[in-house]
Structure formats: structure tokens, C-alpha cells
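Okay, structure first, notes after.
The values are calculated or read from the model by the stated rules, or taken from the named source; none is laboratory data. As the structure is a prediction and not an experimental result, all values here were calculated from the model. Note that each Cβ is placed from the backbone with ideal geometry, even for glycine, and that neighbours are counted across all protein chains shown.
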Amino acid sequence: MLHVYGKSSGGFCDGVSRRNFLKIGGLAMGGLALPELLRAESQSGIRRSHKAVIMIFLPGGPSHQDIFDLKMDAPSEVRGEFKPISTSVPGIQITEHLPRVAKLMDKCAIIRSIVGATCAHDAYQCQTGRPNKPQPPGGWPSLGSAVAKLQGTADRAVPPFVGLAPKMGHMEWADNGQPGFLGVPFAPFQPNKGAGQADMALNGVTLDRLADRRALLTSFDNFRRDVDTSGLMEGLDAFNQQAFGVLTSSKLLDALDLAKENPRLVERYGKGDPKNRDDGGPKLMEHFLMARRLVEAGARCVTLAFSRWDHHGKNFDALRQDLPLLDQGLSALIEDLHQRGLDKDVSVVVWGEFGRTPTINKDAGRDHWPRVSCALLAGGGMKTGQVIGATDRLGGEATDRPVQFGDVLATLYHNLGIDVSKVTLPDLAGRPQYLVDSGCAPMPELVSV
């Protein structure tokens with residue numbers, strides 16, 4: 001960890017105060033220095049307007065037939081306990097426990113026919129659009145990492161890829177997205193893992209001290225030698241000055257500080273619960289607002305994980321607790337984006353790794369069901385107010401318009417201005433790799449292609 005020291009105020013034998021230094025080596029970005037992340041901008045060669053994606057991952061696999069695809073004509077052992085309600089779009093109904101989202105259905109699109117899940121209990125397929133096996137050496141990069149590589153920073157004071165998911169007992173649910181073969185320079189900035197947010201505070205370090213280029217560069221050189229002798233960080237010096245933008249600007253820290261937001265809006269988003277339940281499940285309502293603040297400040301991709309949806313038992317009791325919270329946070333986010341004029345530029349996707357079994361088990365739960373699941377999308381200039389795809393009478397099979405995970409990712413890339421039919425990224429062997437699997441493409445129901 002690199003320390004940039006400010007004026008001494010005593011406290012240690014070398015005269016350096018504990019409160020008078022700033023750690024900037026890791027910044028919760030895979031253990032590497034911030035300037036490495038900023039290399040993305042110089043490597044991309046792409047300059048576009050600031051588009052962004054907010055991905056809301058629902059860890060564990062939400063029960064699709066109890067949320068967006070209720071089956072009222074199914075037998076009681078399939079139908080469940082919830083009733084559908086009408087939405088702002090005639091003919092579209094969703095669960096009674098999402099009344100606020102129902103009023104915004106003209107601003108949303110529901111996919112009821114996502115197929116191809118691998119039944120892996122992780123965020124990998126949502127983050128990459130691909131199954132977790134097979135993978136190339138290094139692994140497939142997530143959407144956020146690919147965007148960081150291709151488009152770099154929209155604002156030098158804000159990392160292009162930010163992951164808000166905190167630590168969980170089952171860390172595969174807390175996966176904000178991996179850089180894969182692109183390498184750690186394109187990993188997400190993760191303020192909720194490690195000491196990331198605390199590291200950003202310029203604790204007593206004066207700007208004139210930071211202006212001491214010679215001392216600072218010497219510190220970077222020492223840090224590089226201490227941390228990595230493999231050549232991974234070779235060429236870091238070219239990005240040191242860019243790192244000053246983050247270190248000396250309050251923009252990123254301000255975006256993460258909800259005390260700077262209108263209290264009424266903070267209240268509208270709601271107050272969360274940071275506790276893990278068993279293997280996961282923090283209900284951090286604040287992250288919906290933080291995501292909006294981050295994309296508005298310059299982030300291109302923000303990922304978050306909300307609550308725990310792996311309900312093998314007491315499914316309906318758990319949903320009665322969590323759906324109203326999701327309803328509040330998601331509806332506040334969609335309304336906020338529209339009120340701020342960000343709805344054409346910021347895409348929102350809400351989904352989990354798979355669906356749940358049509359039949360309710362003996363414990364009043366639903367088990368894993370990779371054969372079909374749902375998603376909700378909003379913003380991004382997409383064609384909303386519609387349902388895409390359909391399932392059979394029991395909600396177990398897609399009967400109309402099966403949609404691959406890669407189709408959704410291709411749509412999000414399209415909204416960011418990236419053509420998945422043309423753009424490639426070099427893997428570790430230098431071979432060009434497309435961003436999504438062959439056959440996946442932006443969904444014409446949502447975008448004009």
C-alpha cells in the first residue's frame with residue numbers, strides 16, 4: 001500500500017501522524033494502484049457521449065412466477081399466494097407487492113422468457129452474458145470491465161466501473177463483475193470492500209504536498225517494486241498525473257456521500273439493512289440512490305446486489321418482506337432518472353441468475369429453475385411499456401421469444417454505443433474475442449438496430 005504523507009504533527013517515532021497520511025495503493029480495485037485503472041482511457045481510442053448502465057443483481061434467483069409472471073390459472077401448488085395487479089400499461093399485470101413499479105410500467109420493459117441459465121449460484125452469467133464454463137484463460141470480462149477498457153473514463157475524477165455489492169457469506173453473490181482476461185486494471189472500484197472509501201479521504205494531505213512530484217513519483221516507484229516484480233505495472237508512471245484527478249477531487253467521494261443529497265429524496269429511496277442473512281442478503285436501499293449519483297458524476301457502469309432471493313423455504317413470507325423494499329428503491333431510481341433527464345442515457349437492468357421451480361415444495365419454497373427466468377429493464381432510450389416473451393401455463397418453459405443472457409448484454413452494449421457485431425477485445429493470446437456469444441444480438445423489441 002502506498003502512503004502519501006502530509007505535514008508531520010507527531011505521534012510516531014519518525015514524526016508522522018496516524019491521521020496525516022493517505023493510502024492510495026489499493027483503493028479496493030483488485031489491489032492495484034488507481035493509475036492502472038485510468039490506463040483504460042488511453043488504450044480505448046474511443047470518445048463517446050456519457051452513457052451508463054446500472055445493473056441490479058438479485059442474488060439467489062428471484063421467483064419469476066411470483067413477481068413478473070403470475071400464473072393464476074395454474075393449480076394451487078404452482079399458483080402461489082400472490083395476486084396480480086394492473087399497471088399503467090393496459091394488459092400488463094405484475095405482483096401486488098410492486099405497486100409503485102406498476103405505476104411506472106410505461107417506463108419499464110419486462111422479459112418473461114430468459115433462457116440458458118447454467119444453474120450456477122453466482123452473478124457471472126448476468127455480469128458477462130455467458131455461461132461460466134468453458135472460459136478462456138483469465139476468464140470472460142464483465143460488461144463493466146469491457147466498457148472501462150473500450151471507453152475509458154467519462155470524468156477523470158470518477159472510475160468508469162464501480163461495484164457497490166458488499167461482502168457476503170456467499171461471495172459469488174457479491175461479485176460486482178470480474179475483468180477476466182482484460183486484467184486487474186479494468187476491475188471495478190469497490191468502495192464497500194476493503195478500505196476503499198476511507199482511502200479516498202485526503203486525511204490532512206495538503207495539495208502543495210501532492211504537488212511535490214519528485215517525492216510522489218519516488219513513492220510510486222517504491223510501491224511498484226514492493227508490490228509487483230513481474231512487470232504487470234510497467235508503464236504506470238504515465239498515469240500518475242491522471243490519478244491526481246481522483247485524489248485531489250472530491251467528486252467521487254461526494255457521489256458516495258448521501259449526506260450531500262436532498263434529505264427528502266434520500267427518504268424517498270428508503271433506509272436499508274446492512275445485515276447478512278446466512279450466506280448473503282444485505283438490503284441496502286441506499287445503493288439505488290448511490291448508483292444514480294455515481295452515473296451522474298461520470299461512472300459508466302455501476303453494479304449492485306440487493307437482498308437474498310434463494311427461498312427454498314418460506315418463499316412467500318420472504319417476498320412479503322423484500323418486494324416492498326425493491327418496489328421502493330427501484331421505483332425511486334426510475335423516477336429519479338426521468339426527472340433528471342437521464343432516462344435516455346442510463347440503462348437499468350434488474351435480474352437474477354435463474355428462476356424458481358413452478359411447483360411449491362413442502363417447505364412453502366421454490367427451488368432452483370434454470371430453464372426460464374425474468375428481467376426488468378428501464379431507461380437507456382429503450383422502447384418500454386411492454387412485455388417480451390411468454391412462458392407456459394405453469395411458468396416452467398419459455399413458449400414465445402426465448403431470450404439469452406447475451407441478448408440482454410448485447411442490448412446494454414448497444415445502448416452504450418458499442419456495436420457487438422464489430423467490436424472485439426484481445427484475449428491473453430492476442431486473439432480477438434467478441435463481447436457476446438455468437439447468435440446473441442441487441443433486442444429489436446427494445447432498440448432500433
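Checking the conditions here, which among Val348, Val387 is in a strand (DSSP E or B) and over 22 Å from the mean Cα position of the chain (by Cα)? Before the answer, list the steps.
On the way: Val348 fails: over 22 Å from the mean Cα position of the chain (by Cα).
None of the other options fit; the residue is Val387.
On the basis of being touching a Cys at 6+ places or on another chain (Cβ under 9 Å), surrounded by 24 or more Cβ atoms within 10 Å (Cβ to Cβ) and within 30 Å of Arg264 (Cα to Cα), does Ala305 make the cut? Explain how you work it out, then say what you get.
Working: touching a Cys at 6+ places or on another chain (Cβ under 9 Å): no; surrounded by 24 or more Cβ atoms within 10 Å (Cβ to Cβ): yes; within 30 Å of Arg264 (Cα to Cα): yes.
It is false that Ala305 is touching a Cys at 6+ places or on another chain (Cβ under 9 Å), surrounded by 24 or more Cβ atoms within 10 Å (Cβ to Cβ) and within 30 Å of Arg264 (Cα to Cα).
Only residues that are outside any strand (DSSP E or B), surrounded by 24 or more Cβ atoms within 10 Å (Cβ to Cβ) and either touching a Phe, Trp or Tyr at 6+ places or on another chain (Cβ under 6 Å) or of a type in the set (Val, Ile, Thr) (or both): list them for segment 286-302, please.
Phe288, Val295
Mind listing whichever residues of segment 163-208 are among the acidic types (Asp, Glu), surrounded by fewer than 17 Cβ atoms within 10 Å (Cβ to Cβ) and at pLDDT 60 or above?
Glu172
Might you let me know whether segment 135-145 holds any residue that is touching a helix residue (DSSP H, G or I) at 6+ places or on another chain (Cβ under 7 Å), at pLDDT 95 or above and aliphatic (A, V, I, L, M)?
Yes: segment 135-145 contains one or more residues that are touching a helix residue (DSSP H, G or I) at 6+ places or on another chain (Cβ under 7 Å), at pLDDT 95 or above and aliphatic (A, V, I, L, M).
Which number in (1) polar (S, T, N, Q); (2) in contact with a helix residue (DSSP H, G or I) (Cβ under 7 Å, 6 or more places away or on another chain); (3) at pLDDT below 95 marks the one condition that Thr384 misses?
Every condition holds for Thr384 apart from (3).
Taking segment 328-341, which residues are more than 16 Å from the chain's Cα centre (by Cα) and either part of a strand (DSSP E or B) or touching a residue at least 60 places away in the same chain (Cβ under 8 Å) (or both)? Step through it out loud before you land on a result.
So in segment 328-341, the residues more than 16 Å from the chain's Cα centre (by Cα) come out as 328, 331-332, 335-341.
Correct list: Gln328, Ser331, Ala332, Glu335, Asp336, His338.
Would you tally the residues in segment 405-449 being surrounded by fewer than 19 Cβ atoms within 10 Å (Cβ to Cβ) and aromatic (Phe, Trp, Tyr)?
1
Counting residues that are modelled with pLDDT under 95, which helices (runs of 4 or more DSSP H) fully inside segment 1-118 reach at least 1?
Numbers: elements: 34-44, 76-79, 99-103.
It comes to 34-44, 76-79.
Tell me whether segment 387-407 contains one or more residues that are under 30 Å from Asp273 (Cα atoms) and touching a Phe, Trp or Tyr at 6+ places or on another chain (Cβ under 9 Å). Reasoning before the result, please.
Narrowing segment 387-407 to residues under 30 Å from Asp273 (Cα atoms): 405.
From the residues that got through so far, the ones that are touching a Phe, Trp or Tyr at 6+ places or on another chain (Cβ under 9 Å) too are 405.
Yes: segment 387-407 contains one or more residues that are under 30 Å from Asp273 (Cα atoms) and touching a Phe, Trp or Tyr at 6+ places or on another chain (Cβ under 9 Å).
Count, please, the residues in segment 405-428 that happen to be in contact (Cβ under 8 Å) with a residue 60 or more places away in the chain and either of a type in the set (Phe, Trp, Tyr) or in a loop (DSSP other than H, G, I, E, B) (or both).
Residues in segment 405-428 being in contact (Cβ under 8 Å) with a residue 60 or more places away in the chain and either of a type in the set (Phe, Trp, Tyr) or in a loop (DSSP other than H, G, I, E, B) (or both): 8 in total.
Give me a count of the residues in segment 125-139 that are touching a residue at least 60 places away in the same chain (Cβ under 8 Å) and within 19 Å of the chain's Cα centre (by Cα).
First, the residues of segment 125-139 that are touching a residue at least 60 places away in the same chain (Cβ under 8 Å): 125-130, 136-138.
When the remaining residues are screened for being within 19 Å of the chain's Cα centre (by Cα), the result is 125-130.
Residues meeting the conditions: 6.
So is Lys51 more than 27 Å from Asp310 (Cβ to Cβ) and within 21 Å of the chain's Cα centre (by Cα) or not?
Numbers: more than 27 Å from Asp310 (Cβ to Cβ): yes; within 21 Å of the chain's Cα centre (by Cα): yes.
In short, yes.
Would segment 137-155 turn up any residue that is crowded, with 20+ Cβ neighbours inside 10 Å and closer than 30 Å to Lys362 by Cβ?
no
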